[in-house]
Structures are given as C-alpha cells and as structure tokens.
Amino acid sequence: MIVRNLDKGFVEASKKFPYKTRAGGATVTVFVPYDCKNNCPFCVNKEEYADCSGFSLEAICRSIDRMNALTPYCDFVFTGGEPLANLKSLQQMLDHVPETHKVYINTTLPVSKDQSEEEILDFMNRNAHKITCVNISRHMQHFVQESNDSLLAKLPVKFRINCVLYKNYPEDQLIPFMERFRKVHAPSIQFRFDYTETTPDNLYDQEGDKILHSLKKVAEYTGLDGCRMRCGFHFRYKDLELVYHKTLPYSTIFEKADDGVTYAILYDILIKQTGRIDSDWDGTVMDVAKYAHVVFEPYDLKWIEKVPQKEAEAEEDAVLFEGAACSAS
Ligand code: SF4
C-alpha cells in the first residue's frame, strides 16, 4: 500500500489514477461561505476565510446538486467557518440535499444579540427530518464562544459533543467535563487528537498515546474500530458513550489493488467556499468527470477489537442512565 508520497513525479502520476471510494460514495464536506468568531489554535480552516473574494452560495449549491447526482446516498457534512452563523444561507444549502443523504453539521451553536436561542431551535425543528447529527464543539480549554448548556437539552435533533484534546489539556478536568454534558443528556462525546499531528505511524499507536492513557484512567474501554484513514477507541463513562477519534490529515490514499491498478481512494470530497470541488484538504481539485466512473469498494471501517461487556455492569449502566434522565428533568 502507498499511503502518501508527495514527490513531484508521484503527484503528477497520481492525477491519472482512477478513483475508488466506499459503497455509497465518499463523504461530501461543504465549507459554508461565512466564518466563525473563534480562533482555535488547531484550526486549519481559518486562513481560508481571511479573503472571501470568490465565495459563492449559488456555486456551492450547484456543486451540492452535482455531487447528489453522482452519489445520491453519500453523507454530507456542513462545516466552516460556522454553518449556524447564517441560518438563511444554511437553509438554502440544506434545501439542495435530498433526504436520501445523512447530514451532519459541525457547529459551536452560536447565540448572540443577532441570533437568539429560539431562532436556532426553530431552524433545528424545521430541519429535524433531515439532520442526522449536530456535532457541537466544546473543548476543555476555552477556545470557542459557548452558548448556554441548557440549549443543548432543548435540541430536537441528535447531537454529539466534539472535544479536541489539544497539547497540554487539563487531564484532571476530564471527569468534570463529562459530568457537565451528562447533565444535558448528551448521548456521546467524541474526543479528538489534533489531526495535524496524526501520521500513519501514530494512527493506531497505543503505547505512546497520552490521550488514550488519560481516558483509560477515567472510563471503561470497550473496543476499537478503524480503517485505513481513521480509527476510534471506544469507552463508556456511566451512561455516556465516548470515542477517542484519530484521523490522518489528508483524504486520499493511494493503493495498488490485486488487479495491478493503483487507485486514488477517496474518503472525503470537499465543496469549498467558492463551490470548487476538491478531492483532498491540500487544494487538490477533483476531476468530477473521472469521479462519475468511480469504482466502489465495501467501506473498510470495521471493529478491530471488542471488549465483551459484563451483563451485570450493563444492567447497572442502564439503571444509572434512567436515574440520570429523571433527576435532571
Ligand atoms: S470554531 Fe471551528 S472553524 Fe472556528 S476557529 Fe475553531 S476550529 Fe476553526
């Protein structure tokens, strides 16, 4: 397998490689054409919003239509910037995504004097039938402006907390952080490794992984899933599902198949703020005509390890969950 080879000759040759992706199509990540108000130190998108010339909502919508026509069952992710900073524009983009797709929204859930909680809840209610999950950024270090936690409990859609454990994160705050979100019935938290630091060598490394050791101290490890591109270490803390997620900082893997052909295997396709369709995070423009002939393979994400749950503990957890739900209502 060739995971990555960025020498000039290889990059040129790779343009001719046929595309392969998972059944249903690669995930389409849409960058909304408006920014957030934060400056997270691990953010790789921020600089793209410094100059908004060429940003076009109409062009993005046309690209959504194109991708829907090619892969009518792929997943869509709206990210930014801040998708919920302009509800009218987000609505227009969502209106171009038919209900055959799963839709995820990455957001900080921004509330301000220009946008009330009620407006966000109205939007969520209107689109509840379309939204698969809202991924809400909340970090243990205060990188993002946060809305009131009580808003989370009112959301009419499934949501998950996304938390980047960045550099010297305060390990002793893990339990208070998890307890904070148990109070608003968050079903799950995804802890994330700073993906700019992920390499093929440390993706599955367990011994030298500080975050993994931190989580093992406070939660019960339940298993590991993964694929060529990313992996997730699963844990349980009381009624909370936890995943520690690691992913490589690119979205194409080159691999020679048994038929002797080298394929460019796409995991994520990006619709940029200008409507341009890219096949990787590094500015590689996708050959959309070539993608129309993409070869599909079964999704390679699978369980690598599953720790059997003891029946008594599972029952105890179920009781704990009911208790927590009642006491907070
Ligand atoms: S909230 Fe998201 S887009 Fe905004 S700075 Fe942080 S990581 Fe970047």
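Please treat every number below as a calculation from the coordinates, not as lab data. Being a predicted model, the structure only gives us computed values, none of them experimental. So basically every Cβ, Gly included, is an ideal-geometry build from the backbone, and we count neighbours across all protein chains shown.
If you go through the range 89-104 one residue at a time, do you hit one that is within 14 Å of the ligand (Cβ to nearest atom) and in a loop (DSSP other than H, G, I, E, B)?
Looking through the range 89-104, none of the residues is within 14 Å of the ligand (Cβ to nearest atom) and in a loop (DSSP other than H, G, I, E, B).
Scanning the range 1-46 for residues that are part of a strand (DSSP E or B) and of a type in the set (S, T, N, Q), which turns out nearest to residue 62 (Cα to Cα)?
Here the answer is 29.
Considering only residues that are more than 14 Å from the ligand (Cβ to nearest atom) and within 18 Å of the chain's Cα centre (by Cα), which ones fall in the range 22-63?
Within the range 22-63, 22, 24, 25, 26, 27, 28 meet the criteria.
Starting from residues that are buried (at least 19 other Cβ atoms within 10 Å of the Cβ) and hydrophobic (A, V, I, L, M, F, W, C), keep the ones in the range 225-242 and report whichever is nearest to residue 182 (Cα to Cα).
240
Where the second residue is near the ligand (Cβ under 8 Å from one of its atoms) and the first is under 16 Å from residue 77 (Cβ atoms) and lies in the range 27-56, which pairs have Cβ atoms under 6 Å and are six or more apart or on separate chains?
29/79; 32/80; 32/81; 36/80; 36/81; 36/82
Among strands (runs of 3 or more DSSP E) lying entirely in the range 210-303, which contain 1 or more residues that are on the phi > 0 side of the Ramachandran plot?
Result: 220-226.
Table: residues versus (1) without any contact (Cβ under 8 Å) to a residue 24 or more places away in the chain; (2) touching a strand residue (DSSP E or B) at 6+ places or on another chain (Cβ under 8 Å).
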{"site": "148", "(1), (2)": "no, no"}
{"site": "153", "(1), (2)": "no, no"}
{"site": "188", "(1), (2)": "no, yes"}
{"site": "198", "(1), (2)": "no, yes"}
{"site": "205", "(1), (2)": "yes, no"}
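Specify the residue that is surrounded by the most Cβ atoms within 10 Å (Cβ to Cβ); the eligible residues are those in the range 184-201 that are among the polar types (S, T, N, Q) and farther than 24 Å from residue 219 by Cα.
Here the residue is 199.
Under the condition of being of a type outside the set (S, T, N, Q) and out of contact with any Phe, Trp or Tyr (no Cβ under 6 Å at 6 or more places or on another chain), which residue from the range 124-134 is surrounded by the fewest Cβ atoms within 10 Å (Cβ to Cβ)?
Checking each candidate, the answer is 129.
Have a look at 57, 84, 70, 121 and point out the one that is touching a helix residue (DSSP H, G or I) at 6+ places or on another chain (Cβ under 8 Å) and buried (at least 20 other Cβ atoms within 10 Å of the Cβ).
Matching residue, one of 57, 84, 70, 121: 84.
With respect to residue 79, is the statement that it is in contact with a Pro (Cβ under 6 Å, 6 or more places away or on another chain) and either within 30 Å of residue 298 (Cβ to Cβ) or away from the ligand (no atom under 16 Å from the Cβ) (or both) true?
no
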